[in-house]
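The values are calculated or read from the model by the stated rules, or taken from the named source; none is laboratory data. Here the structure is a predicted model, which means the values were calculated and not measured. When we count neighbours, we look across all protein chains shown, and the Cβ atoms used for this are built from the backbone with ideal geometry, even at glycine. Note: areas computed on protein heavy atoms with side chains; ligands, DNA, RNA excluded. Shrake-Rupley method; radii C 1.70, N 1.55, O 1.52, S 1.80 Å.
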Amino acid sequence: MPEGPELHLASCYINTVCAGLIFSGKVEKSEVSKNPEVLFESDAYVISATSRGKEIKLTLTPLKEEKNTLPGRGRDREELSQNGLQQPMDLVFRFGMSGSFKFTSAAELPKHAHLRFYTKESPHRALCFVDCRRFGRWEVHGTWQPDRGPCVMLEYEKFRENVLRNLSDKAFNKPICEALLNQKFFNGIGNYLRAEILYRLKIPPFENARTVLEALQHRKQSPDLTLSKKVKLKQENPDLLELCHAVPMEVIHMGGMGYGPEHSDDAAAFEEWLQCYCVPGMRSLRDGNGRTIWFQVTKPVPKRSSKGSSSQEKVAKRSGRKKGKELIQGAENAKAHEARKPNTRSRRKASASQASPTNKAPAADRKRQASARRSTGAVTAAPRSRRVKAE
DNA sequence: CGTCCACGTCTAC
DNA sequence: TAGACCTGGACGG
C-alpha cells in the first residue's frame, strides 16, 4: 500500500469509517508483533487520523469524564491522569512495505491484523492495522519523526523551500533518483512515485540531484506575459518539485486506495494510471541502494548517426558501484499494445550474477546471492508477461 | 519444489 | 553500505 498517497488515503478512510463511531475497551496487539503494546483503555472513545508524508497519526480521544475501574493496576502510570482518567493518545504509524488499515467485523479479523481497535456496538467491529510483512512500525505517544521533511502533498510550499534552501546538503550529491527517496527532503515519495515523476519530465534518473535542482532556484519570469498566462504556463509546465506534489495528488484524487494489494477496480485504475513504473517497454536498473528505478530511455540526439550507447545508458553504467564490473542491459522492448502486469516477475536473471567473487560456495545462501547480484549492478528490463486489456 | 521479487526503513560493521 | 526484518505471489524446473 504505502507511499505518501496511500498513507493519506488511509487517513481519509479511517476518518470516514470511524465518523460518529464509538470505540470501547482495550487496544489489542497480535502476539507476533514486536511493536509496543498500546496501554489505552476507555469505555467510550473516538478515533481520528491525520497524515504527513509516509506517516499517519491516530488520535484516540475518550468521551466525557470517565472513571477507570482499575486505577493504576497493570497500567503504566503515565497513561492515566491522577484521578484515573484515560488521557487522549496519539499513535504514529509507518507502513513499511505492506501496511494498511481495514475496518471489519470483529468476528472475522483479517489475517495479519497486528493492532485492533474495537467498536462499542455489538456485534463488534474492529479497525485493524494490517501488515503482512511486519515492516510497519507504530509508536505510542508518537510524534512525526523529526528527521522527516514536510509532506510533499499537504505542505507543498514548506517542502519546496526545504529542498531549495538546502541544496548544499550531501543528500543532493547523489543521483536524482536516489535523492527523491530521501525522506528528509521528499517525505512521501517512494519507488513508484520517483519513477512516475522523473518520467513526466524525462529526466535521466542518474543525473546529479543538485544539478537538476539548482536549475529550479531562479525561475525564469516573462514580464511581458499577463498573470493568467503565467499561471497557465506554470500549470502546463510544472517543474520537478511541483510534480513531487502534483503526481501524488493525482493518486489521491483517483478515488481508490492507490497502490493496494486488492484485485479491485481501484487496483486496475491505479495500474492504468502508471505511465512508467513496471510498464512494458520501460527500462529498469538498480540504483546505488539496490532499489529498482524504472525509466524511459529518451532517444539520443540524432546527430550524424552516432552509434554509441545512449547518454542514459552511459549514465546508468557509470552508476554501477563496483568499478570494472560491467552492467548488463537487458533492453527488450515490449510491444506497444501490451498491457502492464505489475505483480508479475519482471526480472530475468542477469548473467552478471554468475560472476560472484567466490562462486564455489555450494550452499544456496539467499542473502549472499542477493548481495552479489546487487553489487554487480545487475540490470533488468525484461518484458512483463502479457495481460490483455479488458475492453 | 526453489528462486526471485515487492509500495521501506533500521542498524550494525 | 551491506544485511536484517518478513510474507506471499509469480515463475521455472
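At-a-glance table
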quantity	calculated
Cα Rg over Rh - segment A:4-140, Kirkwood	0.95
Cα-based shape type of segment A:147-277, given that a ≥ b ≥ c are square roots of the gyration tensor eigenvalues and the cut on a/c is 1.5	oblate
Listed residue (A:MET89, A:LEU58, A:SER24) projecting farthest to the positive dipole end of segment A:4-140, Cβ model	A:LEU58
Å² of accessible area per residue within segment A:230-306, as computed with a 1.4 Å probe and no ligands counted	54
Stretchable slack from A:ARG219 to A:ASP239, in nm (0.36 nm times residue separation minus alpha-carbon distance)	6.2 nm
Label-to-label distance, nm, for residues given as A:ASN83 and A:MET97 (7 Å Cα→Cβ offset)	5.0
Selection from A:PRO223, A:ALA179, A:TRP273 lying farthest towards where the dipole of segment A:147-277 points positive, charges on Cβ	A:PRO223
Note, ³J(HN,Hα) from phi for segment A:266-272, Karplus 6.51, -1.76, 1.60, rounded to Hz, x at Gly and Pro	4, 5, 5, 5, 4, 4, 5
In segment A:179-262, the trypsin sites (Lys or Arg not before Pro) that fall in loop regions by DSSP, at most 10 other Cβ within 10 Å	A:ARG219, A:LYS220
Note, ³J(HN,Hα) from phi for segment A:51-61, Karplus 6.51, -1.76, 1.60, rounded to Hz, x at Gly and Pro	10, 8, x, 9, 10, 9, 10, 9, 10, 9, 10
Computed label-point distance, nm, for sites A:THR16 and A:GLU108 using a 7 Å Cα→Cβ extension	2.1
Rounded accessible area per residue of segment A:4-140, 1.4 Å, Å²	49
